[in-house]
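See structure below.
The values are calculated or read from the model by the stated rules, or taken from the named source; none is laboratory data. Values in this document were obtained by computation on a predicted structure and should not be read as measured data. Cβ coordinates were reconstructed from backbone atoms using ideal geometry, including for glycine residues, and neighbour counts include every protein chain displayed. Remember, those area values only see protein heavy atoms, side chains included, never the ligands or the DNA or RNA. Shrake-Rupley method; radii C 1.70, N 1.55, O 1.52, S 1.80 Å.
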Amino acid sequence: MSEDVRFLHSGILSPIKKWGTKWSLWPVHLVTACCGVELAHAYACGYDAERIGSLNYGICRQTNLIIVEGAITRKMAKVLRITWEQMPNPKFVIVMGACGLKGGLFWNSYHMVKPSDVVPVDFFVPGCPPTPEALIRAIVQLQEKIVTGEAKNSVEFKEVDLGKLLGVAEEVKPKKPPKSPKKVEAKPEIVIDKARDVEWKLGKKLVEEFEKILTAESITITDVNRICVRVKRKNLISVVSKLAKKFDHVKSVNVIDVPHENKFIVEFWLGCYSNKELMPVLVNVATEVPRDDPKVPSIAGIFPSADYMEREMHELFGVWFEGNPWMGRNFLLDPDTPKYPLRKDFKLEEDRFVVEG
Ligand code: SF4
């Protein structure tokens, strides 16, 4: 029996305490991921989870239940723990979603933390995402646990012979879940500008036009609506400024780490919303920088939308975007996160959390 449930079962007034707690579950609003949508669904008018005595509340000091809605990252793990510590006893935790159970979609990501390593969990609700019915079931089960002190399984599982059921004669071999990839190819070939012979009239016209005005190493049609412009670092700003006359925003800023060639490839994907003909077209302006001097001019002065993405790439890879005032400052990652977690040679230190109760 957990400490919180034990508290409810002591003393002469315990039946009243149990009854009161059962019908007064106040889940703290701690939306961590997309499972939050299903939580909203469970509390909306269709399912109306409030009718079973549970209502979301915004302030952790007046709440007694955390519903962890999916993925918990290293940064969010601290928030989860701090929230849990601020809540008064008795308090409970329900974890919903495959991400909260074993990482789900992000099972081999560097930043995932199991909520059960951070706080004591009363119920897990599997699914991706779990249905509102499943969440409501967990709340009802928690109410049972508050009254009886025990977690009871509400479903009896029976072994089923799928072969017989489906009328398949041969024995069906059980499939094993995939294992996390422990190895990557030592020297993978990374080609970002492989030419493709595609029927794309506008593309050919654009390439001819770009060849006249841009100082580029190569200009290649890589697919329909895709052009790759490779440039030297010193020519990046002049190329992007000229392209800015046609393309009005940056869709994405990426970094590709190529350690065996001691370089990063930095890509700026330019797009256009203001010209209907150019709307589906994306131009990838790519430049290479040495890994030991990863400096690239910032294009945020030309396209303000690049600012946020440059900061992100700076924190994840350590690429320095010269001219962007946020370089060297912490923006997205927790201040304690070791430097540059997306570099291929980054080794993750295991986090340690202490679970009480
Ligand atoms: S379990 Fe599925 S729905 Fe829930 S947070 Fe993870 S990915 Fe999103």
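Some values worked out for this structure:
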| item | result |
| --- | --- |
| Environment charge of ALA134, counting only residues whose C-beta is closer than 13 Å and scoring Lys/Arg +1, Asp/Glu -1 | -2 |
| Among LYS242, LYS78, LYS176: highest mean-square fluctuation, GNM of the chain, C-alpha pairs under 10 Å | LYS176 |
| Å² of accessible area per residue within region 227-357, as computed with a 1.4 Å probe and no ligands counted | 50 Å² |
| Accessible carbon and sulfur surface of the chain relative to its total accessible area, %, 1.4 Å | 56 percent |
| Only Lys, Arg (+1) and Asp, Glu (-1) charged, at Cβ; the chain dipole about Cα centre in debye | 240 debye |
| ALA44 versus ILE256: modelled label distance in nm, points set 7 Å from Cα along the beta carbon direction | 4.1 nm |
| Normalised alpha carbon radius of gyration of the chain [divisor 2.2 N^0.38 Å] | 1.31 |
| Per-residue [θ]222 nm for the chain (sum of -39500 (n - 2.57) over DSSP H runs n ≥ 4, rounded to 500) | -8000 deg cm²/dmol |
| Relative contact order (%) - the chain, alpha-carbon pairs under 8 angstrom, separation at least six | 11 percent |
| Highest-fluctuation residue, LEU25, LEU214, LEU202 considered, GNM on the chain with Cα pairs under 10 Å | LEU202 |
| Backbone N within region 107-136 under 20 Å of label point (7 Å from LYS344 Cα along the Cβ vector) | 108-111 |
| Cα-Cα over 18 Å, subset of LYS242/LYS263; LYS75/LYS339; LYS251/LYS295; LYS205/LYS242; LYS102/LYS176 | LYS242/LYS263; LYS251/LYS295 |
| Using θ = phi - 60° and Karplus 6.51 cos²θ - 1.76 cosθ + 1.60, couplings along region 100-106 (whole Hz; Gly, Pro as x) | x, 7, 9, x, x, 4, 9 |
| Vicinal HN-Hα couplings computed from phi for region 209-218 (Karplus, 6.51 cos²θ - 1.76 cosθ + 1.60; Hz; Gly/Pro x) | 5, 5, 4, 6, 10, 9, 8, 10, 6, 7 |
| Per residue solvent-accessible surface (Å²) - region 6-56, probe of 1.4 Å | 58 Å² |
| GNM top mover of PRO132, PRO341, PRO290 - the chain, alpha-carbon springs below 10 Å | PRO290 |
| Neighbourhood charge, 9 Å Cβ-Cβ cut-off, centred on LEU270 and excluding it, Lys, Arg +1 and Asp, Glu -1 | +1 |
| Extension gain, LYS17 back to ASP293 (0.36 nm per residue minus Cα-Cα distance, nm) | 93.0 nm |
| Bins of 5 Å from zero: percent of alpha-carbon pairs in region 3-148 | 2, 11, 20, 23, 20, 13, 7, 3, 1, 0 |
| Residues ASP248 and ALA134, FRET efficiency given R0 of 30 Å [Cβ-Cβ distance, rounded to 0.05] | 0.10 |
| Amide H partners (placed H, <5 Å) of VAL68, local residues excluded | ILE94, VAL95, MET96 |
| Dimensionless Rg/Rh of region 177-280 - Kirkwood Rh, Rg from C-alpha atoms | 1.03 |
| Sequence-distant residues sharing a close amide H with LYS263 (under 5 Å, placed H) | VAL258, ARG291 |
